[in-house]
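Encoded as structure tokens, the structure appears first; notes follow it.
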């Protein structure tokens, strides 16, 4: 079950996101509304479950925890969510994924050429939305700092995406390579969410730094659990086809672990399967067997928990209200145990 | 021959662009350096002729013409050039173009998935580069205005690109539709270049507005000449294969004009050719014959000249130095007569 923080901020996040898209009448933006679950593919309003809005929730929670007023941080929170969604639209093109959240992906409805436009437009809208901070009474210096942080985090994300794709054709990806990749691909933007919230809520550099560090580690924990769900999750819950990561030769943590740990026959099988252009159903089953033999499931889950604990440890020395600390604990616990 | 304004600013633009990329060590950025002509595909330095740097040149020229100091506007000029190059990288993916400036396009070297990353990274770098205005002593309010203008112009560009692609499958694109599309796809970013320069050089709102308007019309003239060169240009000079626009059923101005003007047999031929999935060499020859019969070449060139004149007319009431006015005249004359 989602922690209460998600419920607490949901309506304000949704309203801010909708106003970020308001007034944009080109049919280009219908692709964005579709992706966000507000419209069906024919342009009719609908209310599909969107994402969890994890990043904006973390942003607002950090702002409140830093004794700020979360309403001031709403443009930043919405900007981070839009930046995240830009990456999902492009990711689906790059990975050839036809389905997300139980619906056809943007490219599978409008084609890849137009989906590229949708993703980039979403990315530009993120910056324009962040520019709304000035109107919220945020000092101009913090406004500029927020814009820079958002852009730099997006560059890290794209660098991570670059590595992730380049890993597909490699067999020599170790756990350290993997951690460096997900740090870029996932952790920086989650860290950015918390850092933005904390920075808008407080002028205490030590506190802001602690939230940034907490976010980095939480981001790693989040991605590791994501990789876990990509192999052992329930496709009906995650909305992603089971085995897809293996079929696409993605170097997710379970596989990286197996490539590192397997010996003899298992190692030879993995080298064969991951050296092919095409991965078959029988190969997926073989990989799952090898992962079971190596007890990869509990090792991977242990890693997620380790980083979840480390994330909370980053906040240990801060003076926070009981409410803030409990909310952050709940979110961290949720991220490493979630089923979708 | 290039007007002297291009020579005047070239080195400073180049240095600012290079410093925008400096310090970015991920191999992701090698794709950007390759696209900009600084590196070959193996990562070795080279000095391929890049683009004309039209947009940054216009930005700096407007700043000087507005009695500003162009060096203050360098981050804005470089930002616009990066934003333009983001659109070229994505454009080549969307159009399946394998060659640009006599070299393989980014996607044809690194694949489409990675080229998407290269384009989006270029777009984010544009914003980060524009954030450098603060360091140039530009007042914070203007800094924020510049960032917003750049983002809004990029959205217009993407909206135009969306329309351009959607026109490929339509036969009912009229001259007005075409003009609205190139206004978005091309004119706004060129207008943004001049507006940024003028705004950084002057606080006179009327002057800034006049440069903006001049840029919109210059952008239309530029794109019309571009369409002209796409059909009647010399492939060796433009670096684009002749006939490519026809083969891809692009609704460039000559074709839009022909679809509107052709009657009888010619109209039927065009409807057949543009209604097919695949356009053959013989079809390209037929389209060229129909264009000749309709005297499309002189009509299209007349349109470019009309908008070139209108662009200069937008500046008529301003008090400008002789140097500034002459430089702007030279650039406008060049844009509508250029061969590449």
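The values are calculated or read from the model by the stated rules, or taken from the named source; none is laboratory data. Bear in mind the structure is a predicted one, so any value in this text is a computation, not a measurement. In this analysis, Cβ positions are derived from the backbone assuming ideal geometry, glycine residues included, and neighbour counts consider all displayed protein chains.
Computed values, structure above
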read-out: Residue ID - surrounded by the fewest Cβ atoms within 10 Å (Cβ to Cβ), chosen from residues in the stretch A:282-297 that are free of Cβ contacts under 8 Å to residues at least 24 places away in the same chain and part of a helix (DSSP H, G or I); value: A:282
read-out: Of all residues making up the stretch B:136-156, the number that are touching a helix residue (DSSP H, G or I) at 6+ places or on another chain (Cβ under 6 Å), at the interface with another protein chain (Cβ under 10 Å from one of its Cβ atoms) and more than 16 Å from residue A:27 (Cβ to Cβ); value: 8
read-out: Selection status of residue B:28, modelled with pLDDT of 95 or more, more than 14 Å from every other protein chain (Cβ to nearest Cβ) and crowded, with 17+ Cβ neighbours inside 10 Å; value: no
read-out: Residues (without any contact (Cβ under 8 Å) to a residue 24 or more places away in the chain and more than 20 Å from residue B:125 (Cα to Cα)) located in the stretch B:33-42; value: B:40, B:42
read-out: Count of residues meeting criterion [modelled with pLDDT under 95, closer than 14 Å to residue A:290 by Cβ and not in a helix (DSSP H, G or I)] in the stretch A:244-279; value: 1
read-out: Failed item, numbered, when residue A:241 is tested on (1) in contact (Cβ under 8 Å) with a residue 24 or more places away in the chain; (2) more than 25 Å from residue A:153 (Cα to Cα); (3) part of a helix (DSSP H, G or I); value: (3)
read-out: Search result, residues across the stretch A:1-25 that are part of a helix (DSSP H, G or I) and within 14 Å of another protein chain (Cβ to nearest Cβ); value: A:20, A:21
read-out: Filter result (under 17 Å from residue B:6 (Cα atoms) and more than 19 Å from the chain's Cα centre (by Cα)) within the stretch B:65-84; value: B:65, B:69, B:70, B:71, B:73
read-out: Test: residue in the stretch B:107-125 that is closer than 20 Å to residue B:340 by Cβ, modelled with pLDDT of 95 or more and buried (at least 24 other Cβ atoms within 10 Å of the Cβ); value: no
read-out: Complete set of residues in the stretch B:308-340 that are under 22 Å from the mean Cα position of the chain (by Cα) and assigned to a loop (DSSP other than H, G, I, E, B); value: B:314, B:315, B:338, B:339, B:340
read-out: Residue match in the stretch B:189-210 (condition: within 14 Å of chain A (Cβ to nearest Cβ), without any contact (Cβ under 8 Å) to a residue 40 or more places away in the chain, part of a helix (DSSP H, G or I) and out of contact with any helix residue (DSSP H, G or I) (no Cβ under 6 Å at 6 or more places or on another chain)); value: no
read-out: Count - residues of the stretch A:157-188 that are farther than 21 Å from residue A:226 by Cβ and either within 14 Å of another protein chain (Cβ to nearest Cβ) or under 14 Å from the mean Cα position of the chain (by Cα) (or both); value: 1
